[in-house]
Every structure is written in C-alpha cells, then in structure tokens.
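Peer 1: Quick one: the structure is below, and I'll ask about it shortly.
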Amino acid sequence: MCGIIGYLGDKQATPILMESLKRLEYRGYDSAGVAVMETDIHSTLTKSERKVDDLIAKLSQNMPKGTLGIGHTRWATHGRPTIVNAHPHSDCYARIMVVHNGIIENFKELKEELEAKGHEFTSETDSEVIPHLVEDLYQGDLLSAVRQALQKIKGAYAMALYSHDDPELLIGARLNAPLVVGMGEGEWFIASDITAIIPYTKRVLILGEGEIVAISPVGPQVTTLDGVAVEPRVISVDWDVTQAQKGGFDHFMRKEIHETPEAAANVLRGRIQDNGEVTFNEFTATEEQLGRIRNVKLLGMGTSLHAAMIGEYVIEDWAGIPSKAEDASEFRYRRPMVAEDTLAVVVTQSGETADTIMGMRQALDRGALTVAITNVVGSTAARDAHGVIYLQAGPEIGVASTKTFVSHAISHYLLAIRLAASRNRLSPERLEDLVAALRGLPEGIRAVLAMEERIKELAQRYSKYRNFMFTGRGINYPIALEGALKLKEISYLHAEGTSGGELKHGPIALLDQNFPVVAICTNSLTREKMISNVHEMAARDAPVLALVTAGDSSADAVAADVLVMPAADEAAGALLNTVALQLFAYHVAVALGTNVDQPRNLAKSVTVE
Ligand code: AGP
C-alpha cells in the first residue's frame, strides 16, 4: 500500500525523507519518489520505478538541499509502476508538489475538465488531478485552493502537498485513508502511518476524517474542509518500529483481517453507479461481447479457488449463466469445453500463481474472453487477460490470504451484477437489495471484528482438538472450505470442509467427541437443512460450534457453542462468516504458538507448477 512522508523543520529534509521511506517499505510498493524545495522557485524531484534503495542511490549522487519536502512509496492502482506514474506529482509549472494515497473515483471527469482548460497531464494516475486542480483554483490563498480542490474530489485520499506560492507551508488532508502528523521540536512530519516517523517523535496528531492540516513554522493548524477550526488530538505512542509496522497488532494476519472493512470499501469504490449499474475501468467488454457468453469458467487455486466457487454460485444464480469454478492446475491438463462463448475469470490475488496462469493461457488459446481478478497491478494475469478487475485491497503480507478473499468475493458479486444487467436478469427491487447489502458490508464486517473477544475465547477452548470439520451449504459451502483451509494453513491442525448434505455420505464416520464441527447455520435458503445436519452431528457426540444469525435460537439446544452473527443478506452474510472464521483460525494458531504470518511449507505466491 502506498506510503506518505512529509517534512517541514530546521533540518535537511532529504535524509529524513529517505529514512522514512525505508521504514514504509514493509507496506509493499513498486516505485518511490521525493520532492524537496531547494529554492523559492525550484524543487528537485527524484523518482525511481524500483525500490527505495535505488531512489537513495540516485539521491546520494545529487542530494537536494532544503528543509521542506515530501516523499512517497507507490503501490500501483491506476497506471503501471513507472517513473512517470511515481509520486510526487506536480502541476503544469512544477510549483505544486503532491503525494497521494487512495483512489479518486471521479478523476476521469476532473481530468477531462482540466485538460479542456489547457492543463497538461504526464502520468496515467488519478493522483495527478490534485496538483492541477489546486493550480486551477489558486487565487493567492493556497490553503483555500486545496480546500476547494478536495471538495471536488470523490473517493478516498490521504495527501501531503506544498507549493512554491507559499514556501513555508506543508499541507496534509485525509478522507477514508489514514494520515498522521508527527510533532517534533521545531519540526513536523506528515505520514501515512506512525512507522515512518517513530524515530523522530512519539507525539502524534491524529487527523480526523475530512480534516486538513496546515503546518507552518509556528506549528500545525487543523480545520475541516469548510475551514472550521478543529481542536488537535495529540497522543503519545511508545511503539517500536516493528510494532508500528503491524499497526500495533501482533501479526500482519490480524492487522490485515482488521483492514477488511477498508478493503471492502475500496473494491466497491466507484464501481456501483447511483442507478445500481456496475462498471469496471479496466474491464470494458461491450454489451455484445457479454451477450455472447454462454458459460463461465472461474480458475483459481487455494483460497482463490474458494473465492471462484462463490463466483460460480452468484453468476449462475443472479446472471443465469452456467458457471464452473475450476482447480486451475487440473483445468490446464484437461481438454475443457472452452470456446469463444466462454468467459474465463482468472482469480488470483498475486496474479502470478503458475497453475492459474497456465489455466488462463489454455482459456486464451481456445478463444475465451478472459478477465483477471487480482490485487497486483501489472502482474502476469493483469497483463495477459483481456480485462482486469483490481481488488485495490492494499498488499497482503501475511501468507494466509484474508482481506483479499473478501475482496475477491465482492468482485464476483459485482461481476455477477454486471453480467445479470447484460441479460436483464435482476429485477430493480432485487438489484436495489443487493446493492444495499454490498454497501453495508464494511459496517457489517466492523460488527464482526467487534466480536473478536468472543471468537478468541471460543478459539482458545477449541485449540485443544486436533481435528476439525467445517460445514455449510450453498454460498456458505465455499466459506466452510475456506474456514478449514485457513485453520490448517496456520495452525497445522487437520481440518476439512464439506457441504452439509455431503457430510452424512462419508465424512460423518470421522465424528466423535474429539472431532468438533464448525457449522455455518446463518440465514439462507438452506438454514433449516443445516440445523437438521447439526442434529445429526451432535447425535455422534461431535461438539458443534454453530454460527447462527442474531435472533435465531434453533441451534441453541443442540450445539455445544453458538456464535451469534449480525443479521445480513445471504451473500453479504457469507462474508461476515468468513471474517469470523479467519479470526477463529488466527486465535487457534496463536494459542498453539505457530508462526502465523509465515506458516511452514507455504509461500505467498506459488510461481511453480
Ligand atoms: C491462501 O491463504 C494461500 N496462501 C493460497 O491458497 C493461495 O490462495 C493460492 O496459492 C493462490 O494464490 P493467488 O491468489 O495469489 O493466485
């Protein structure tokens, strides 16, 4: 995920920016850059399309001198990882320098308007509209121009900006993306997270949503975008750098699970129009192309295969197109029924999984229309497929996929709605309900995260068992499979997943008082069937941990434990269940003392067959 650093003080800015960017590397990024104001009329801009060490090598040859500067590590969301796309970005006259994290949803409209007025853009990024917009609105008061510019922007931003028009002012602002201000002695820092500034100061001003900070040599002033003064909230932190990199969490995995509400908001951002229509910037197949599709193959491995199974379910249900999730490594060596009327959905967080890429090539060779759903801009899947849906989830450092699974599932929901629209399959009422359910997801996920203490208590008790069965039906069947995979990946316990119906056709033989079952019984078409299955499991003495929807007491008498989930639509509820099961797996693993972030024998990206 992108990182921001800004400095205004009495020291040389360049070495501080370089060190801070090094500390932001853990967030994952592909390119980096800094701008330092050397004189009233000149800033030196240095960028690299590679790592911070490469940027440092460039800076070391020609160290810009100045006490005001900004720096950035970029993790590409709009435009490839190139020098021109790397931040900082500037206006037409290189007077205004900006670094930005987040996604500007209406950047195309803004860019068109600005180009019509004569502004010249050099990059493919959404971020570059900010300096041009500020330039356009500037009439002698920089802060006012920034406020007006931000009021025109839809989406999410955390940014740092300075201008030669006001050479003693460093401005920061945020909306739906974090930004903090480090309060030193006669020096101030703007940073996307505390990690960047921790060696310099432990006093941190936390900027609120929609607030803007103007830092001058007398200190910071915080206001809203409307110019109303805000009392600054300054806290003291005593984290070391490692703690700060994990945002105060013990493990990246837990941090990333807690980032799921933001990831869910990001994958939805800008993709559902006011009338419920779904659009994707990088997957622009025509109505004619979509209308030709007669079957959908969804290719993935591991967690991504489970996400593909969710896609299979909703594409068939909502869009009425025969769909099949495929283990890409098997698909590759079969002679699958794939032709020009097939849509191949390539489901891969990394975009580099060898099995999935080879499956994609098979589909391409047979003339299928392909769309990759991936988190990594410029990855092989993104480059080679006809279209891309980016997850925009931010990098995932824990080997076990968590937030990206949820983002993948949401992408499938969006794709299913898009395909349904091409066939007029969803009634306006159903579409409205689905859109409302999707928009409510970040809030619903937050409610599940708030249940963490209860989930931890259950996980600690259940960590004494060595075998687990996970079961669910319908859209919760892949959720059960994923629950089992998560647990086995990080705790090394034996866990398997099965559908509620399949259970009694064999797996039930395993059950006894030492073989617990995690049964997903939340609201769905098949809830009553699942409750019957719970009775069958309990009759074999298996301790059952049942996930039920708030207000449903039908499992109370028969399950050993009940985890009460927030009420939600079936598709949204499945994702709430998955977050609960991720937390369950995490706390079991912590109780057992395994290496949660880097489990044995596993790699984040498997690039060999
Ligand atoms: C997920 O927890 C695993 N690390 C693994 O199953 C992963 O989902 C699989 O290797 C596919 O990876 P991809 O999404 O990057 O293609």
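Peer 1: For ARG334 and THR39, calculate 0.36 nm times their separation in residues minus their Cα-Cα distance, and state this gained length in nm to one decimal.
Peer 2: 99.7 nm
Peer 1: If you don't mind, there's one more thing I want to ask. In whole Å, what is the distance between the alpha-carbon centres of segment 510-527 and segment 187-229?
Peer 2: 49 Å
Peer 1: So how far apart, in nm, are the two label points at ARG430 and ARG361 if each is 7 Å from Cα heading toward Cβ?
Peer 2: With each label point 7 Å from Cα toward Cβ, the separation is 3.9 nm.
Peer 1: On to the next question. Quote the FRET efficiency, to the nearest 0.05, computed for VAL241 versus GLU457 with a Förster distance R0 of 41 Å and r equal to the Cβ-Cβ distance.
Peer 2: Approximately 0.85, to the nearest 0.05.
Peer 1: Between segment 411-476 and segment 79-130, what is the C-alpha centre distance in whole Å?
Peer 2: Cα centroid to Cα centroid, the span is 36 Å.
Peer 1: Let me know the whole percent of all Cα-Cα pairs from segment 1-69 that are separated by more than 17 Å.
Peer 2: The calculated P(r) of segment 1-69 puts 36 percent of pairs beyond 17 Å.
Peer 1: Same structure, new question: Rounded to two decimals, what is the ratio between the C-alpha radius of gyration of the chain and 2.2 N^0.38 Å?
Peer 2: Working it through for the chain, the quotient is 1.00.
Peer 1: Separate question: If a helix is a whole DSSP H run, which ones in the chain reach 20 Å or further along their own axis (Cα) and hold a mean Kyte-Doolittle hydropathy of at least 1.0?
Peer 2: 570-592
Peer 1: Please sort 56-69, 319-332 by packing, taking for each peptide the average over its residues of neighbouring beta carbons within 10 angstrom, highest first.
Peer 2: For the peptides 56-69, 319-332, the packing ranking is 319-332, 56-69.
Peer 1: What FRET efficiency do you get for LYS152 and GLN61 if R0 is 41 Å and r is their Cβ-Cβ distance, rounded to the nearest 0.05?
Peer 2: Efficiency, rounded to the nearest 0.05: 0.55.
Peer 1: Using per-residue counts of other Cβ atoms within 10 Å, averaged over each peptide, order 93-100, 220-227 from highest down.
Peer 2: 93-100, 220-227
Peer 1: Within segment 386-432, which trypsin sites (Lys or Arg not before Pro) sit in a loop by DSSP and count at most 10 neighbouring Cβ atoms inside 10 Å?
Peer 2: Loop-located and lightly packed - none at all.
Peer 1: Taking θ = phi - 60°, what integer Hz values does the Karplus form 6.51 cos²θ - 1.76 cosθ + 1.60 yield along segment 95-105, in sequence order, with x for Gly and Pro?
Peer 2: 9, 10, 10, 9, 10, 9, 10, x, 9, 9, 5
Peer 1: Run the numbers for ALA557 and ARG439: contour at 0.36 nm per residue of separation, minus the present Cα-Cα distance, in nm.
Peer 2: So the extension gain works out to 39.0 nm.
Peer 1: Net charge near ALA585: determine it from the other residues with C-beta under 12 Å of the C-beta of ALA585, scoring Lys and Arg +1 and Asp and Glu -1.
Peer 2: Summing Lys/Arg as +1 and Asp/Glu as -1 gives +2.
Peer 1: Output the antiparallel fraction of DSSP beta bridges having both residues in the chain, as a percent to the nearest 5.
Peer 2: Of all bridge pairs located within the chain, approximately 60 percent are antiparallel.
Peer 1: Mind running the shape call on segment 552-609? Use the C-alpha gyration tensor, a ≥ b ≥ c as the square roots of the eigenvalues: rounded below 1.5 for a/c, prolate if a/b tops b/c, oblate otherwise.
Peer 2: oblate
Peer 1: Taking segment 100-197, which GluC sites (Glu not before Pro) meet the DSSP loop condition and have no more than 10 other C-beta atoms within 10 Å?
Peer 2: Counting only loop positions with at most 10 other Cβ atoms within 10 Å, the GluC sites (Glu not before Pro) in segment 100-197 are GLU120, GLU185.
Peer 1: Lysines within cross-link reach of LYS504: Cα-Cα under 21 Å, excluding same-chain residues under 8 positions apart?
Peer 2: Partners within reach: LYS529.
Peer 1: A follow-up question, please. First select every other residue whose beta carbon is under 10 angstrom from the beta carbon of GLY300; then total the charges, Lys and Arg +1, Asp and Glu -1.
Peer 2: Within the 10 Å Cβ shell, the charges total -3.
Peer 1: I've got another one for you. Modelling each spin label as a point 7 Å along the Cα-to-Cβ direction, I'd like the THR607/GLU231 distance in nm, to one decimal.
Peer 2: My value for the distance between the label points is 5.3 nm.
Peer 1: Find, to one decimal place in angstroms, the Kirkwood hydrodynamic radius of segment 268-339, where the mean of 1/r is taken over every pair of different Cα atoms and then inverted.
Peer 2: One over the average 1/r among Cα pairs gives 13.9 Å for segment 268-339.
Peer 1: Sort 7-15, 272-280 by packing, meaning the average of other beta carbons within 10 Å per residue, with the highest value first.
Peer 2: Peptide ranking by packing, descending: 7-15, 272-280.
Peer 1: Work out how much length CYS92 to VAL218 would gain on full extension: take 0.36 nm times their residue separation and subtract the Cα-Cα distance, in nm to one decimal.
Peer 2: Here the answer is 42.4 nm.
Peer 1: What number results when the radius of gyration of segment 306-408, computed over Cα atoms, is divided by 2.2 N^0.38 Å?
Peer 2: 1.02
Peer 1: Let me ask something else. Can you pull out the trypsin sites (Lys or Arg not before Pro) in segment 119-224 whose DSSP state is coil and whose Cβ has at most 16 other Cβ atoms within 10 Å?
Peer 2: Here the trypsin sites (Lys or Arg not before Pro) that fit, given the DSSP loop and packing criteria, are LYS154, LYS202.
Peer 1: Using every pair of alpha-carbon atoms in segment 501-582, split the distances into 5 Å bins beginning at 0 and state the percent of pairs per bin, rounded to integers.
Peer 2: Taking all Cα pairs of segment 501-582, the binned fractions are 3, 16, 28, 24, 18, 9, 2 percent.
Peer 1: Straight-line reach from LYS604: which lysines have Cα under 21 Å away, leaving out those fewer than 8 places along the same chain?
Peer 2: LYS51, LYS246, LYS255, LYS403, LYS486, LYS488
Peer 1: Once the Cβ-Cβ distance between ASP512 and GLU288 is put in as r, and R0 is 56 Å, what FRET efficiency do you end up with, to the nearest 0.05?
Peer 2: The formula returns an efficiency of 0.45 here.
Peer 1: Over the Cα atoms of segment 125-273, what radius of gyration and what Dmax do you get, in Å?
Peer 2: My reading of the Cα-based Rg and Dmax gives 16.3, 48 Å.
No lab work stands behind these numbers, since they all come straight from the coordinates. Treat the numbers as computed from the prediction; the structure is a model and nothing was measured. Note that we place each Cβ from the backbone using ideal geometry, even for glycine, and neighbour counts take in every protein chain shown.
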